[in-house]
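The values are calculated or read from the model by the stated rules, or taken from the named source; none is laboratory data. Since this is a predicted model, take the numbers as computed values, not measurements. All Cβ positions, even for glycine, are placed from backbone atoms using ideal geometry, and neighbour counts span all protein chains on display. Surface accessibility is based on the protein's heavy atoms, side chains included, excluding ligands, DNA and RNA. Shrake-Rupley method; radii C 1.70, N 1.55, O 1.52, S 1.80 Å.
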Amino acid sequence: MSNNTVTVAGVEISTDHFIGGKRVASANRFANISPVDGSHLGDLSAGGKIEANAAVEAARKAFPAWAALGPKGRLPILKKFAEGILARANELAAVETMDNGSLLTGNVHRVIPRAAHNIDFFAEWALTLEGHTIDSPEVVNHVKYDPSGVAILITPWNAPFMLTTWKVGPALAAGNTIVIKPPEWAPLTCSLMADIAKAAGVPDGVLNVVQGIGEDAGDALVNHPDVDRISFTGSTDTAKIIGQAAARSITPMSSELGGKSPFIICADADLDAAAQTVAAQYMNAGQVCLAGTRIMVEKKIEEQFLEKVRGASSHMIVGDPRDKDTRVGPLIHKEHFDRVAGFVERAKADGAVPVWGGGRSNFGDLYFEPTLFADVNPTLEISQREVFGPVLTWQSFSSDDEVVTLANNTKYGLAGTLFSRNEKRAMDIASQVAAGTLWVNCFFVRDLAAPFGGSRDSGIGREGGSWSFDFYSDIKNISVRKGSFA
Ligand code: NAD
């Protein structure tokens, strides 16, 4: 058993895999650099086929006993797991901020508590799945949610701890055992998650973590012949690669992918609230899959609304994400910074003009200015492709039909936001926009009982509430002829 660690934000963290309840090191290591200040946080074990095989084997071995506990038997362990997350919320938040540059205040107050809720909520929900029957004239159908087996959970760097618990919660509550593949650009909090699970009494082998590069560790896991579910959150391009592996073994896969979501402002809206919400799309440097990055404003209020957004955006202070006044932290990595800057430069070359921003912020190497391109041609790359940075485009519309066409004019369908005080109009537009989630006069509100996911290039499947259990279970119908028992 290895004991390689790093200390980040005063927290000691293992840099090795967590397999079968033990820390396991690899000879290959990968460097982890903080986007906040460029500091080298440490070198982590980089897994491949050997570690993937060991982790799947450990998960398979632990599966029968974990499944046999049933939802009631798993509940106290998972509740303790959730409590363990809450007890370490400040540490987790501080580490996450150093690791991926997300805002510390948001992590402390919203993101980490939400992660604990992800575990607690699904552990409770699993109880509601027991004893479900459908009465037919001849038979009684007993619907059973059997655990599916070993689930591979792969997550991105923009909110690694929270997004991983969004999968861990229902996967474990449903009785599966799991192998987590954390993102290589922000892996540290998933390592802490393993310690918290172990301390809560999650049995060895039930939750495993294999660190490493997607093309190595991730590839070995999704191509492993003995896995039953693959749950992936990340980019559309990676989903296409993983989807091929899943198809070869007919392994069910859920994918939550990128977006280019519309944000529609009708003239009858509460314009101050709408402007504040538009400016909030710059938070976490726009590295938010659900961000409404295509602003669509009804023509008759366009000038007035632009001034309101300009005012609200002036509060989007770029700076150190540990500072409570900061709203826009760094981009995660130099490679990602260059990608975002490339989109902006090509947009300018295509004739789009930034109304504000448009380049590197004075604050530091990986910090990008909040940027708005106005009057953008909807066919340009900047209007069509996900930038995943603090970059918004602006278009105007004169009719509801026009805005629906504009909104649906990308390959994505993750989310959308709409501000209007007219209920009928709002519901008419909302129901025509292709998106898994449509927020009306609000943004980013997510009830775990509600369905979540994307259409088109934004993903396959829905999770949340019973939709999560539909994915993480093998649903069985035991159909019993009435009166056939002695
Ligand atoms: P990514 O696709 O590059 O990587 C995501 C994960 O996949 C990482 O852990 C990576 O190591 C792994 N991976 C990469 N190649 C792999 C392979 N061949 N086999 C197996 N695993 C592999 O995405 P990213 O850059 O980390 O994240 C940003 C993207 O995630 C954006 O498109 C964003 O919109 C999306 N995202 C979606 C949601 C959602 O809920 N829909 C949430 C957050 C982020």
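Assorted remarks:
- Within region 406-443, the set of residues being closer than 18 Å to LYS299 by Cβ and assigned to a strand (DSSP E or B) comprises LEU418, PHE419.
- Filtered residues of region 373-394 (kept if in contact (Cβ under 8 Å) with a residue 60 or more places away in the chain and either surrounded by fewer than 24 Cβ atoms within 10 Å (Cβ to Cβ) or within 16 Å of the ligand (Cβ to nearest atom) (or both)): ALA374, SER383, GLN384, ARG385, GLU386, VAL387, PHE388, GLY389, PRO390, VAL391, LEU392, TRP394
- Within region 56-102, the set of residues being hydroxyl-bearing (Ser, Thr, Tyr) and in a helix (DSSP H, G or I) comprises THR97 only.
- All positions within region 135-165 that are away from the ligand (no atom under 16 Å from the Cβ) and not hydrophobic (A, V, I, L, M, F, W, C): ASP135, SER136, PRO137, GLU138, ASN141, HIS142, LYS144, TYR145, ASP146, PRO147, SER148, GLY149
- Filter pass, PHE305 being modelled with pLDDT of 95 or more, surrounded by 21 or more Cβ atoms within 10 Å (Cβ to Cβ), assigned to a helix (DSSP H, G or I) and not assigned by TED's automatic domain parsing to the domain that holds VAL111: yes
- Within region 428-486, considering residues that are under 30 Å from VAL139 (Cα atoms) and polar (S, T, N, Q), the one farthest from the ligand (Cβ to nearest atom): SER484
- Here ASP474 meets the list (1) of a type in the set (D, E, K, R); (2) under 24 Å from SER102 (Cα atoms); (3) surrounded by fewer than 19 Cβ atoms within 10 Å (Cβ to Cβ) almost entirely, failing just condition (2).
- Among helices (runs of 4 or more DSSP H) entirely within region 103-222, having at least 3 residues that are open to solvent by 10 Å² or more (accessible area, probe 1.4 Å) and more than 24 Å from GLU335 (Cβ to Cβ) singles out 112-125, 188-200.
- Members of region 276-299 that are free of Cβ contacts under 8 Å to residues at least 40 places away in the same chain and of a type outside the set (A, V, I, L, M): GLN276
- Region 166-183: number of residues that are within 16 Å of the ligand (Cβ to nearest atom) and over 16 Å from ALA55 (Cβ atoms): 4
- Some residue of region 14-35 being over 27 Å from VAL227 (Cβ atoms) and in contact with a helix residue (DSSP H, G or I) (Cβ under 6 Å, 6 or more places away or on another chain): yes
- Any hit, region 415-424, residues being out of contact with any Asp or Glu (no Cβ under 6 Å at 6 or more places or on another chain) and open to solvent by 30 Å² or more (accessible area, probe 1.4 Å): yes
- Scanning region 270-304 for residues that are out of contact with any strand residue (DSSP E or B) (no Cβ under 9 Å at 6 or more places or on another chain) and within 16 Å of the ligand (Cβ to nearest atom) turns up GLN287, VAL288.
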